[in-house]
Amino acid sequence: MEKNLWQWQIWNNLPYLTCSLLDGWQHGFFTQDFYPRLPEELVTVLDSNATVYRVKQVHGDRVLTPTEIHHVMSQGESEDVLPPADAVLSDQPQQAVWVASADCTPVLIGDILTGRVSAIHAGWRGTAQRIVPKAVEHFLKQGSQLENLRFVMGPAIAGEVYQVARSVGVEVGASLFLSETKPSAEILSILQALPTPPILSDPDPDKVRLDVRQINFLQLAQLGIKPENIAIAPECTYQNPNRFFSYRRTHEKKVQWSGIVSR
């Protein structure tokens with residue numbers, strides 16, 4: 001979570017964010033300044049020879065590889081051009097995988113040994129369904145080792161300003177207590193008491209403040225991922241209107257893209 005892990009890059013006078021934890025890969029968390037460019041155009045910033053892969057994001061926990069994306073589209077599983085999913089995991093070199101976000105957490109993962117990468121859209125619903133640990137499972141099935149994975153969470157809404165219903169806080173918090181069923185109040189009180197709490201109190205007794213990125217951090221810690229292999233951007237989409245779109249702030253359906261190229 002160190003600020004010095006993060007660097008602003010400039011392309012054609014437009015800023016985007018990179019993280020030194022992913023120095024082995026071409027990657028970027030793009031700002032609203034790139035809107036309305038799509039990944040098919042943004043990929044030239046990273047690697048003009050890479051093939052672009054993205055999905056129709058549905059706030060779920062489905063993880064697809066490019067091979068599976070091609071298969072789904074050839075089978076006509078979806079009426080949309082893009083199949084529904086919220087994570088893309090590369091299975092060949094020079095594949096650029098992308099996710100869009102406006103307050104939800106964009107997560108980029110790289111395997112320092114195999115060069116494989118993943119891009120994940122982790123909003124509160126996907127986080128409650130443990131989409132990032134599920135993507136890790138896919139890495140392991142492909143032969144990755146946990147210690148070789150690097151996790152970077154990009155700009156998203158910060159917990160201090162993300163007010164949600166208590167029930168949402170409980171649903172997301174429960175993702176950290178899979179082996180036991182706990183009462184709602186106990187889940188919230190345990191998480192509020194942590195040194196870096198993912199649940200914060202709110203003036204409204206029916207609400208809490210939710211730090212989605214911190215929940216994802218704790219999910220990864222439970223898997224045995226070392227803290228030094230996880231980075232969280234110091235940027236909040238809600239509090240930085242000059243750089244980022246925020247659905248919570250404006251209720252406009254505008255997004256910024258995050259992408260990474262496998263090697």
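The values are calculated or read from the model by the stated rules, or taken from the named source; none is laboratory data. Remember, it's a predicted structure, so these values are computed and weren't measured experimentally. Cβ sites come from the backbone with ideal geometry, for glycine too, and all protein chains shown count toward neighbours. To get the accessible areas, we keep the full protein, side chains included, count just its heavy atoms, and leave off ligands, DNA and RNA. Shrake-Rupley method; radii C 1.70, N 1.55, O 1.52, S 1.80 Å.
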Point to revise | the chain, dipole about Cα centre (Lys/Arg Cβ +1, Asp/Glu Cβ -1), debye to the nearest 20 | key: 160 debye
Review point. Once you list every other residue whose beta carbon is under 10 Å from the beta carbon of Gly126, what net charge do they have if Lys and Arg are +1 and Asp and Glu are -1?
Key: +2
Practice item. Please calculate how many Å² of accessible area the range 162-263 carries per residue, with a 1.4 Å probe and no DNA, RNA or ligand atoms counted. Key: 49 Å²
**Study point:** Size of electric dipole in the range 1-154: Cβ of Lys, Arg +1 and of Asp, Glu -1, about Cα centre, debye, nearest 20
**Key:** 260 debye
Point to revise | Whole-angstrom gap from the range 75-126 to the range 162-232, using each part's C-alpha centre | key: 23 Å
Point to revise | Cα-Cα P(r), the range 165-218, percent of pairs per 10 Å interval | key: 27, 62, 11, 0
Review point. What's the long-distance tail for the range 1-160, i.e. % of Cα pairs beyond 26 Å?
Key: 22 percent
Point to revise | Sulfur and carbon atoms: percent of accessible area, the chain [1.4 Å] | key: 48 percent
Exercise for review: Please sort 148-161, 17-30, 63-76 by packing, taking for each peptide the average over its residues of neighbouring beta carbons within 10 angstrom, highest first.
Suggested key: 148-161, 17-30, 63-76
Check your understanding: Once the Cα atoms of helix 212-223 and of the chain are each reduced to a long axis, what angle between those two axes, in degrees from 0 to 90 to the nearest 10, is obtained?
Key -> 80 degrees
